[in-house]
Each structure stands twice: as C-alpha cells, then as structure tokens.
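To start, the structure itself, in structure tokens.
Since every read-out is calculated from the coordinates, none of them should be taken as a lab result. What you see is a predicted model, and the numbers here were worked out from it, not measured in a lab. Cβ: placed from backbone, ideal geometry, glycine included. Neighbour counts: every protein chain shown.
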Amino acid sequence: MSIPPTPAGPALEFDPPLSPVMRIDCPVRLDYTIAAGREQSRFLRAMSRGHLLGRRCPECRKVYLPPRGTCPRCGVMTAEDVEVQPRGTITTWCVTNVPYEGQVLELPYVTASVLLDGADLPFYFLIQGLPADQIRMGMRVEAEWADTLGPTLDSIRCFRPSGEPDADPASYAEHV
Amino acid sequence: MVDVAIVAFAQRPSVRNAVGDEVELVQPVIQQALEDAGLRASELGFVCSGSCDYLIGRPFSFVTALDAVGAWPPLCESHVEMDGAFAFYEAWVRLQHGDVDTALVYAFGRSSLGSLPIILSQQLDPYTVAPLFPDAISLAALQARALLDGGRATERDFAEVACRSRRAAEGNPNAQLRQSADVEALLGAACLRPPLRVHDCPPISDGACAMVLATGERARAIASARGRAPAWVAGVDHRIDPQDLGSRDLTRAPSAKLAAERAGAHRAPLDLAELHAPFSPQELILREAMGLGPQVAINPSGGALAANPMMVAGLTRVGEAALRIHDGRAGRALAHATSGPCLQQNLVCVLEAR
Amino acid sequence: MSREPCAVIGVGQTRHASRRKDVSIPGLVREAALRALDDAGLTFADIDAVVLGKAPDTFEGVVMPELFLASALGAAGKPMMRVHTAGSVGGSTAIVAAHLIQAGVHERVLTVAFEKQSESDAMWALSPRIPFQPTLVAGAGGYFAPLVRSYIQRAGAPPHIGVEVAVKDRLHALRNPYAHLHMEGIDRAMVEASPMLWDPIRYLETCPSSDGACAMVLASERAARGAARPAWVRGTAMRSEPTMFAGRDAVNPRAGQDCAQALYREAGIDDPRRQLDTAEIYVPFSWFEPMWLENLGLADEGQGWRMTDEGATALGGRFPVNASGGVLSSNPIGASGMLRFAEAALQVRGMAGEHQVDGARNALGHAYGGGSQFFAMWIVSEERP
Ligand SMILES: [Zn+2]
C-alpha cells in the first residue's frame, strides 16, 4: 500500500505553548462470570453444609483440601472424597500490617497454614482469638463456622486455639 | 537443523461454556497426548504452554494450569502469553539444541467467562485506541469493508468461506458449529456489524489441546509403534506487522506472506492448509498472502469459524494438519496461526511425511 | 548437534523509579532498547527478532502488550515473541532469546523486559477479588513471610540477617546510577525502625515497586565478531514445579536446586563456590539472599546466613551478591529477572562502573517466580565456550 504524503502545512502554534500530557485516566471495566470448577464446586457445596470435603490422589494417596482438581505432583485428577476434620495444627504463619486495595480485615491480622487432621496439605486461613505475639508453630486450632453457611470459604469465619496441647513437631515436620 | 516431528495430538471438543476450571479443562488432553505418545511427564525434555490471563480475568492462569501436568520432579518449562502455536515454536527451537528429544506443548482458553470482543479491544494502544473500546468484531468488519471497497471480494465470497468451513466441520467431532445453510440463505440474513453477518464470525469457544514433539530417531520410534507417520516440521516461521490500524493496508497480510516464504511453503506442492482465520474475509486475505491456489484444500477441519478457543485455535491448526499427515491423508500440509487485531501477527508451519 | 555460541554484546536499562511519568510504555521500553543497541553499536535494522517478557498483563492493563509495542521496538516484519513465566520472566525471556541464537535460527536478537506498574495497581493486579475465596493474602509479602519464618526456624539464623542484607544491597545501589532507591545514610537502625509489614518482614526489607525496563542484544559468534567485550553465555537452565502439593518444600525448592545443578553442568562448572566470582540473585525480600545461596549450592544448607553475616556477599567480600543493589533497590517486576542476567553480563564485561566486582570473569544471573516454583538462570563469562 502507498500512503500519499501529508502536505506540509504551517506548523501549529499555541499561545501559551501546550504543556505535555503526563497522565490520562482510562477506567476499564470488564465483567467475568467466574466458574468454580467441578472439584471446587463439590468442596464448596459441602462447606455450605458444614463439612470439609477433601479429595484423595489415586496415585500418591495424599488428601488435598481445598481440592485442586488434580494432584499437582502426579498430574492426575483426584478421585475420592475424604472428610477432613475442622481442626488442625499451625505449621507457619504471618502477621499482616500492610493496608492494601480491597482489604476487608482490620490490621494487623494473623494468617496461618493449618494442617487439618486428615489432610496432607496446609490450609491457609485467618487466625483469631489470641494476641499475635502468642501464635506459634505446632499450636492446635479449630474452625469457627459462620452463622450462615454458604458455598464459600467465608463459611468459616476463622480458626481459633482449640485448647489442646501443642502437636508433636514430628507430626508436621515435612510442612515447615 | 535437528529434525522435529509432531508425534501425538489431543484436543477436547470446543464448547460455548465448558464445565470446569482451567486445570479440569486441560488435564485430560495433556494426559491423552502423553499416553498417546507413551510418555510420562517426568520423561519430558521440555514443556511449553500458551494462554492469556485476561480471558479469565486473573493473573497467572498458566501457574494454576501447571497443576495439570504433574511437574514432579521439576520440569524444564516455559510459557508464552500467546497462542499455543507460539509455544510450539519455542519448543521447536528448544529441541534444536539436541540435548533433549521430547517436548510437550499445550494451550487452553476459556473465552466464555468475559466479553471476548471487548477484552480483545484491550490489546490496542492503551492511550489512543483502547479507551474507545473498538471490539474485535468491529475491527474485523473494518477489514472486510476494505476488501469490499477495494473490489477484492464480495459478501458472497465471505459466505462461501463460512458455508464451506461449517460443512467441513461436520466430519470433525471437536468442532462447535457443524452445519451451514446454503450460501443464498446465509446472504439473506441481516448484518451483525456490516458487512459481517453472524456466519462470518467465529463462535465463542472454550477449549484446550496438547501436542507431543520428538526429534529424529525418537520421533520415528514413537510414531511407528503407533502405526502412524511422524509429521515432520519442514519449516516454521512467524512475523509481526505494526499494530496501528491507520498505517496498515488491512486487506493484506505482509507478515503472513513473509512467514510462509520463510517456512518454505512452496518448496513443494501442498495438499492442504489449516488457516487460523476467525473471520471469513480473513481466509481470503491469507490465501492470497500465502499464494494458496485452488489445488490446496483449505481447512478440512472447519477451521476457526467452526471452533475458536482463544489461545488454542492456532495450535489446533498445527495439530489438525499433523493428524492428516499421521494417517496418510496428506503428504505435505501448511498450518497457520494468527494473533492480534486484523491478522497482525502470523505463524506458518509446514509439515510433511517422509 | 552442538550449540552455537551466544554472546551478550549490548546491555541497556532505564532509570528505575516508582513512577516514570515522563515516558509512555513505548517510551520506557525504547529507553532500554536504544541503550542496548547503542552499546552494541547497532540499530533496530540490524536485529533479526525481538523477544519481549513481562509479568501479568494486569500490571499495566494492556492485553498482550507486545502487539502494540511491535513498532516501538522495531519488530515490524520480524519475529516477535512474548514470554510470561511469572517473576522469573525476565530471566526466561533472555533464555528464550539466547536459545534462538544457540539453535542457529538467528544472528542478532533483541530481548526486552519491562514493567510499568504505575499505570495500574499492582496489589489489585496480584490479588483480585474472586468470589467464594477469601482475600487473605496481601500481595507477595503475605505469601513469602511464612517461608521466611520457616527458614529462620530451620537454619537457626539470628534475626539481624535480614536487616544486614537490606542495608548491604542499598549501599550497593548508591553505586548504581540506574537504581530506583538511593538511600544515603542507610544503616541497620533505619531498617530496624521501619514498620513490620508481614512479620518477620520489615518495610525496608522488601523491594520497592518500580517502573523500568531492561534490554540486551544477543549475538551469534559471527555477529559478535568485533564487539567490544562480549559476555559469553556459558549455560542456561529453567525449572518449574507445582505451586503446592503434599510434601513440597517451598523454602528450599527442588526446582531451584535442580535448575542450579543443570546450569553448572551445562556451563562446565564443578565447583561453583570457587569458579563463580559474583552473582546477581533475585532477592525481593532480604531473607531470600541466604535462602537462595543455599538453594543454589553456594552455601551449605542452613549456613547461607553465615556468608551474609561475615560480609562475604558485600562488594569487597569474597563472593559479592547483587553488586547492582538487586531487586531490593529496583523492582520493575517483569524486568527484574532480566536485570539480574544483564548485570551479570556487565560484571564479566568489566562494564559495571562503580559497582564492578574486581576481576569478575564468571557470573551467575538468577530469577525466580510464582510461589518459589519457577526458576531461570544463566552463567556468563568473559571466556568463549
Ligand atoms: Zn498424587
């Protein structure tokens, strides 16, 4: 293709000269319908009835909660339902002090990896019911369910100390 | 160069709205392709995938998808934010090193979750064009209009492409749109974005596919054990044009022409070409750019007009061409993939039996 | 078939800053690309192909931005690729570009990585609200802090190690004119006084959020002939593992260990602690310096913090790490990995200026991403392979 040359006209002059544009705002809104997937949907439906439903890998026999569709290690679909207890052991944790966009929790708050009894992968969740400086590895916690249950992780409000003695470090060693 | 062949290809049927998340979408095709090649993930020399985060509105969708592979022990793995055909290219380059002899390539796309034509408008210059939200169908209509105004095609030509594609798809169980009214009836329909009618546009598709590549002796061994001919990569090349719609002649695809030349498309006669032309006028542009005459069968699978899972449809063209080499339906085939508005970027691969 | 030799013959980077309001995205990538071309004594016309890398598109809000950047990077009529492997992307992009040379496909490849986070919101981009999932993790720090805690526990490391790294890298950055953070007078007291963001990670132990770009010109042996001081690519490696699975060690991930061992093998290095002179390691939170030293086999397991503590990793020490100031001083996410690779090249070319490691002949560039699961590394040398 040939583009005809633009005839050279007189240069545009502005008085006072235009300042450079340093910023333009272009709000973009895109709407999505998020689908949870088959395995996650089973998990969420069970949660709305107050149950934690994990899935077991047919090859390595490990139990995933929440289920991820596959066992990422073996690359096969997880296939067997396993009920997991709503209590477990803290393997590691984090105190968040930084405000961020979309933040709903009051700062500071504690989140922890909780190795639930019957699961093989820690479940990352909000911890409440004790000062941040008293949280420790091996501490036993239990779920506090929300008043109304639904197909959402918000059905568990948080995990709180269960009062049980700390777990034997050997029981969670490979998760630290 | 090291000889590389496609030895297995698996795809799932494209649908308007797939049940399942990306892992559930892609895991079965990966497993099928690996089983078909008699390989386990841990044996793979290289893995590469293609996908686009904006389709599902979340960053790192390819990270989640890695759960479908079984990347343990850790794999040599890479990802392009491009159609899977470009992941295929990266794998072909990686296999040139000669230190590994197999590669897995996969792609997945869930176009159904958002408004695809509007999402694609965000590929455009973010300061001057994207804020206008020109949707992908409107841009294709601009291109179609330019073809008509230049006297290079008619609306009937567009309808003929659409009719032929959807009727070819009747033999393709993985296609989404598998029949067509005749051309006269198509031309009687109202325009969606003039001059494009609904039949000139692709369906919104969710889909996934996976492919296994192997080099030299390994490719021969895998293919012969399964009674198929390896689909050897005789040439592959890709090129990009400037995006700026105002500076391009939208009726031409110079990058497709150059890629076809560099891939050696015309070193010997072609039996068929699988072209990634989501809109019917684009097939006409591509055929002219690549010099594909009437003796070359176009899109026996039905092409992107029959199923257009974003990020997957280009790699599917390569796979469909390979399947026809595998079973002897073709001896030499061209496969093409495109990306960007109005055929901005184009990849051409030539496959042959030997 | 043996690989074609590949050399870095041009390196360019932008001035990194939290907001580069003075340039658009095309302006930003061209600033780095033109510096790299200038260093190589070439123009866009000499380039055969362009390989672009960046982290998620949500960071700028442009879908597959390589498409609209094709003209700005002189790619029209050429092959152009776009790599995305999370935080390791800058490294894997350079590796994809090097492979094009090593495979004999091209003679001169321009590779560019960038991030212009100021044009969107990085926290939003990383942690969008998804229905049926709680928003618990505030950005990357929320994910990595528990790993740091596990490391400290396992290694029995004293708490001041993170502070030492934070000070050391910012002192290095004072010698690097391109660095985002130039913190005159930085010391341990300053770092210790900064707020605890994600316990045990303090504000000054984290990386900044930067706008910036990095570019390199890679060339075949023939194309590198006549180039002043090429850096030869002696080895490249990439490894990935899943984000989480039962029994995964995310503190000392196997993908990183395997990647390093594959890298040393390819580069012909038997004793990396002796044969490497310096390393640019992806350290977005200060504690990751000792963690990665161990993962890379540059220190024994549980002993990485001792190298930091002894001052070995500071300029003038026996194994300087991140002489450029590292990710802790400049973090244009998509480009951060390529900056590691490019800074390693500058060291062995003897072109690192004020932050030059004396006599550096072999240098490691390292990048990682995702949940410590994607790794990309290369070794460059003044000596041709
Ligand atoms: Zn398993």
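Side notes on the structure shown:
- Applying 1/(1 + (r/R0)^6) with R0 = 51 Å to the Cβ-Cβ distance of A:Leu12 and C:Glu383 gives a FRET efficiency near 0.35.
- Each residue in A:Tyr124, B:Tyr89, B:Tyr127 was given a count of other beta-carbon atoms within 10 angstrom of its own, and listing them fewest first yields B:Tyr127, A:Tyr124, B:Tyr89.
- Karplus (6.51, -1.76, 1.60) ³J(HN,Hα), θ = phi - 60°, over the stretch C:114-121, in Hz, Gly and Pro reported as x: 8, 8, 10, 5, 5, 8, 8, 10
- Note: relative contact order over chain A, using C-alpha pairs below 8 Å and six or more positions apart, is 19 percent.
- D_trans [Stokes-Einstein, Kirkwood Rh over alpha-carbon pairs] for the stretch A:37-175, 10 °C, 1.306 mPa s, µm² s⁻¹: 101
- In the elastic network of chain B, a GNM with C-alpha springs shorter than 10 Å, the most mobile of B:Ala256, B:Ala71, B:Ala322 is B:Ala71.
- Taking amide H as placed 1.01 Å from N in the peptide plane, the amide H of B:Val15 sits under 5 Å from that of B:Asp206, each at least 5 places away or on another chain.
- Between amide H atoms placed 1.01 Å from N, distances below 5 Å from B:Ala8 occur with B:Val212, all of them 5 or more places distant or on a separate chain.
- What you get for chain A, charging only the Cβ of Lys and Arg (+1) and of Asp and Glu (-1), is a dipole of about 580 debye around the Cα centre.
- Per-residue Cβ neighbour rank within 10 angstrom, fewest leading, C:Met238, C:Met244, C:Met64: C:Met244, C:Met64, C:Met238
- Between C:Ala323, C:Phe285, C:Ala376, the Cα set farthest toward the positive side of the dipole of chain C (charges on each charged residue's Cβ, about the Cα centre) is that of C:Ala376.
- Comparing B:Gly207, B:Trp72, B:Gly150 along the charge dipole axis of chain B, the residue lying farthest to the positive side is B:Gly150, per the Cβ-charge model.
- Taking a Cβ cut-off of under 13 Å around B:Leu177, the surrounding Lys, Arg, Asp and Glu residues balance to a net charge of +3, with basic ones at +1 and acidic ones at -1.
- Burial ordering of A:Leu52, B:Leu39, fewest other beta-carbon atoms within 10 Å first: B:Leu39, A:Leu52
- For chain B, the relative contact order is 25 percent, taking Cα pairs closer than 8 Å that sit 6 or more residues apart in sequence and dividing their mean separation by the residue count.
- Couplings for the stretch C:194-201, taken from phi via the Karplus curve 6.51 cos²θ - 1.76 cosθ + 1.60 with θ = phi - 60°, read 6, x, 7, 7, 10, 3, x, 9 Hz in order; Gly and Pro are left as x.
- Top of A:Pro99, A:Pro72, A:Pro161 by mean-square fluctuation, Gaussian network on chain A, Cα under 10 Å: A:Pro99
- Whole-Hz couplings from phi, Karplus 6.51/-1.76/1.60, listed for the stretch C:56-70; x for Gly and Pro: x, 4, 5, 5, 10, x, 10, 7, 6, x, 4, 5, 7, 8, 4
- Basic side chains Lys and Arg get +1 at the Cβ, acidic Asp and Glu get -1 at the Cβ, and with that the dipole of the protein assembly as shown about its Cα centre reaches some 1400 debye.
- The stretch A:37-175 - share of DSSP beta bridges that are antiparallel (%, nearest 5): 95
- Cleavage-rule hits (GluC sites (Glu not before Pro)) in the stretch B:14-53: DSSP loop, at most 14 neighbouring Cβ within 10 angstrom: none
- Net charge over other residues, Cβ less than 10 angstrom from the Cβ of B:Gly70 (K, R count +1; D, E count -1): 0
- At 1.567 mPa s and 4 °C, Stokes diffusion of the stretch B:213-338 via Kirkwood alpha-carbon radius, µm² per second: 84
- Relative protection proxy for C:331-344, B:242-255, B:335-348, C:27-40, from highest mean packing down: C:331-344, B:335-348, C:27-40, B:242-255 (other beta-carbon atoms within 10 angstrom).
- Using alpha carbons only: equivalent-ellipsoid semi-axes of the protein assembly as shown, gyration tensor based, whole Å: 43, 33, 28
- Its Cα centre serving as origin, chain B has a Cβ charge dipole (Lys and Arg +1, Asp and Glu -1) of approximately 660 debye.
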